[in-house]
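These notes are about the structure you will find just below.
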Amino acid sequence: MEKELISVGKVSRAHGIKGRFIVVPYDRSGEGFRKISRIFLRSREGGLRECRVQSAAPYKKWFLLQVEGWEKIEDVEKFLGAEVLVDKEDLPEVSEGEYYCFDIIGMKVITEEGRGLGEVQEIIATGSNDVYVTRDDSKEYLIPAIDEVVLKVDLNKREIIIRPKEGLL
C-alpha cells in the first residue's frame, strides 16, 4: 500500500551542534510530534528522506527533534526549510469533534438552509478558536470554528454545516 504523506511542519533551523533541529508545526499544539516515530523530509529540491525520530519535545512554540544518524550541525543544514511529512497512518487518533487541518481544507461549507459558501481554502489559528476561510465565486467568508456556528462536520460527505451568527455573512 502506498503511503499517504501529510505535511505537518517545516524545518526551521539547527539547534546546537549535535544534529537537533527545530520544526515549526502547522497545527498549534504540535502534539502529533510526541507520538510519531518516523518522519519524511522533502528538501527544497524535492528529494524525500525517511528518518526515524529519536526524540521530540516542545521548544517554545515549536518542536525540537532529533533523528537517528544526525549527529552534527551539517546533517541538519542540508534540510533547512525542508517540509516535514508523516504517513497518515502514523498520525494519532483525534478526539471526537477534533479534526486535522488537512481533513478540513477543501470541504464544502453550507448553511443549514442549504446556501453554499464555497470550500475551505485555509485555516487561521487565532488563539481562541480556528477560523475557516471559504471562498465562492464572488466573496470570501471567515467562519469561526465554534460550536455555536459549526453544527456538523461530515468527513464522508466532505461538508461542514453551519448556522451563521447575525452579520457573519
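Values quoted throughout were computed directly from the atomic coordinates according to the rules given, and no laboratory measurement underlies them. Everything numeric here is computed off the predicted structure, so don't read it as measured data. Ideal geometry is used to build each Cβ from the backbone, glycine not excepted, and the neighbour counts take in all protein chains shown.
Pulled fully out, how much extra length does the chain show between GLU96 and GLU77, if you take 0.36 nm times their separation in residues and subtract their Cα-Cα distance?
2.9 nm
Relative contact order for segment 5-90: what percent, with Cα pairs under 8 Å and sequence separation of 6 or more?
Computed value for segment 5-90: 43 percent relative contact order.
So if I place +1 on the C-beta of Lys and Arg and -1 on the C-beta of Asp and Glu, and nothing else carries charge, what would the dipole magnitude of the chain be about its Cα centre? I want it in debye, nearest 20.
Here the size comes out at about 740 debye.
Once Rh for segment 35-131 is found with the Kirkwood sum over Cα pairs, what is the Stokes-Einstein diffusion coefficient at 20 °C and 1.002 mPa s, in µm²/s?
Value of D from the Cα-based Kirkwood radius: 130 µm²/s.
Based on the alpha-carbon set only, what is the convex hull volume of segment 101-162 divided per residue, in Å³?
Cα-based convex hull of segment 101-162, divided per residue, equals 76 Å³.
For the chain, what relative contact order do you get, as a whole percent, if you take Cα pairs closer than 8 Å and at least 6 residues apart?
Numbers: 343 pairs, mean separation 31.7, N = 169.
RCO, the chain: 19 percent.
Within the set of other residues whose C-beta is less than 15 Å from the C-beta of ARG44, count the net charge using Lys and Arg as +1 and Asp and Glu as -1.
Surrounding charge for ARG44 is +2.
Quick check on the chain: helices-only [θ] at 222 nm, where DSSP H runs of length 4 and up contribute -39,500 (n - 2.57) each and the sum goes over total residues. Nearest 500, please.
The helix contribution divided over the chain gives -1000 deg cm²/dmol.
Hey, what did segment 101-162 get for relative contact order, percent, Cα under 8 Å, at least 6 apart?
Averaging sequence separation for qualifying contacts and normalising by length gives 30 percent for segment 101-162.
When N is the residue count of the chain, what does its C-alpha Rg come to as a fraction of 2.2 N^0.38 Å?
It is 1.20.
Using the Cβ atoms and a cut-off under 11 Å, what net charge is assigned to the surroundings of ALA14, where Lys and Arg are +1 and Asp and Glu are -1?
On the way: positive: ARG13, LYS18, ARG20, LYS72, LYS78; negative: GLU74, ASP75, GLU77.
That sum, taken over residues with Cβ under 11 Å, equals +2.
Calculate, axis by axis, the spread of Cα positions in segment 5-90 along the three principal axes, and write the results as whole Å, longest axis first.
29, 29, 19
Along the positive direction of the dipole of segment 5-90 (beta-carbon charges: Lys, Arg +1; Asp, Glu -1; about the Cα centre), which of VAL11, GLY69, GLY46 reaches farthest?
Selected residue: VAL11.
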